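What follows is a structure written as structure tokens; I'll ask about it next.
No lab work stands behind these numbers, since they all come straight from the coordinates. Remember, it's a predicted structure, so these values are computed and weren't measured experimentally. When we count neighbours, we look across all protein chains shown, and the Cβ atoms used for this are built from the backbone with ideal geometry, even at glycine.
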Amino acid sequence: MRAHLPALVVVLPLAAAPAIVLLRSARVGWIVASAASYGALVCAVLLLAGVGTHGTLSYALGSWPPPWGIEYRVDALSAFVLVLVALTAALVAPYGARSFLAEIAPERRYLAWAMYCLALAGLLGMVITGDAFNLFVFLEISSLATYVLIALGARRRALVAAYQYMLMGTVGATFYVIGVGLLYLMTGTLNLADIAERLRAVTELRPVLAALAFITVGVGLKLALFPLHQWLPNAYACAPSMVSAFLAATATKVSVYVLLRYYYAVFDPLTLFERLPTGAVLIVLSVAAMLVASLVAVYEQDVKRLFAWSSVAQVGYVTLGIGLDNAAGLTAALAHLVNHGVAKGAVFALLGGVALRSGAGALGVAGLAGLARRMPLTAFGLAIAGLSLVGVPGTAGFVTKWYLVLAALERGHGWVVAAILASSLLAALYVWRVVEVAYLRPAPAGAVRAEAPGPMLAAALAFVLLCVYFGFETSFNVGAAREAVEFLGRGAK
């Protein structure tokens, strides 16, 4: 069984999806989806432990050895992201048991669970596969399932948001597959490790540079790299609460992983960051995301859109760490995949509980008035998650910003440090808007005074606890990130 863990981590949710459709029961669908989520988490944790003991693991599908057949490859980087995705799935699955009841029509709930399993399988497959085209297949599986999940949202704009995301996602996938085609043209292989090996002998660099550009733009659309982020605010705001929490904690993070995999394991990072202006471009776009998206969030009235714009800014922190291209910057980028994931998972899960109790499809900032008296645990959780987004010491977000500042100072970029501080101040402003309304304004007459249902509140508070836990105990978010940076090797300067 242990030898087949790389396959099982994907097969479990992938097999669960058609099983749920055949059973046609929302309750059974939740049970099957939850079992698949926890099974994937167990497999991911065992794979992380296996990589720590035995090094990189290779699994040949169908007994066809790479590069002839599809290879699943688990190393320090992919194992780290596998655990993040599976942990998020394990936390949101119980949440969805009650959330889907309130937000999705009864006849569609079992289909929602099937789509959730497909999205999870696609994300896990993107992380673990060592084949460029197989990565595209998993990208499409996760994307198509995600479009459906967003369209199932209770808000009228959900269909429009899903359509916008589908258009942008289709363009991104097309750009990615064009880049893969160019790499295949130059190397004659689709195995990522084999592509990297054969690229060393390629002398005609123009097709390779074109492939790099297509893959960067295609993956950039998926990870909401500024200014390719327009799909994200509406998608997160209109999706069902569980879907928002799941996507905010995983989807863009997996796309960041794909970009890192190509930059450091396929292409030559020396060429990328010293002979091409890749780092400078990423830094400029990241700083723009951090400042512009945070400024938009300060004035946003829809609370889910507010935190969706915050996600655009937080993605900027990740790409900033990549652009700085040193050990501290890459550590910050990888650690923030976890730190931002748990913070934003907490926020959207808590807001789902507020929307459920208020009976509002769209929740304005003013709708949080008196939340501390109506739902004290929820208000406290929002405050803690917000402090993590700001980067207050004692929270996971502070760890990221500390390493980003160290990385910028190491590069001699004082203006980047100033940008980090400015974006943190803007984050404090939009988080304060939420805290001020929740704690300092009276609750409206007749407002329901009750916390979210138990499963929803427990899952949300688990995310909140992780925001604090990873602020003090950094062996996973920073420790595993450092191991992944060491694996990346040449990027850890």
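Quick one: helix 303-324 against the long Cα principal axis of the chain, what's the angle to the nearest 10°, folded into 0 to 90?
Approximately 30 degrees, to the nearest ten.
Just need the relative contact order of the stretch 386-493 here, percent rounded to a whole number, with Cα pairs under 8 Å and 6+ apart.
34 percent
Tell me the net charge near residue 379. Cut-off is 15 Å between Cβ atoms, residue 379 excluded, with +1 for each Lys or Arg and -1 for each Asp or Glu.
Charge balance near residue 379 sits at +4.
Once you have a ≥ b ≥ c as the square roots of the Cα gyration tensor eigenvalues for the stretch 377-477, tell me rounded if a/c is under 1.5, and otherwise prolate or oblate according to whether a/b is larger than b/c.
It comes out oblate by the Cα gyration axes.
Let me ask something else about it. Under 1.5 on a/c is rounded, so check that first for the chain, then, if it is not, pick prolate when a/b is larger than b/c and oblate when it is not; a ≥ b ≥ c are the square roots of the alpha carbon gyration tensor eigenvalues.
Oblate, since a/c reaches 1.5 and b/c is not below a/b.
Counting other C-beta atoms within 10 Å, which of 278, 146 has the fewest, and how do the rest follow?
By the 10 Å Cβ count, ascending: 278, 146.
Next question. So what is the relative contact order for the chain, in percent, with contacts set as C-alpha pairs under 8 Å and at least six apart?
15 percent
To continue, here is another question. Kindly put 238, 43 in sequence by how many other C-beta atoms sit within 10 Å of each C-beta, fewest to most.
43, 238
Rg and Dmax in Å for the stretch 276-493, alpha carbons only: what are they?
17.9, 61
How large is the helix-only mean residue ellipticity at 222 nm for the chain, computed as the sum of -39500 (n - 2.57) over DSSP H runs with n ≥ 4, divided by its residue count, in deg cm²/dmol to the nearest 500?
One gets -24500 deg cm²/dmol as the mean residue ellipticity at 222 nm.
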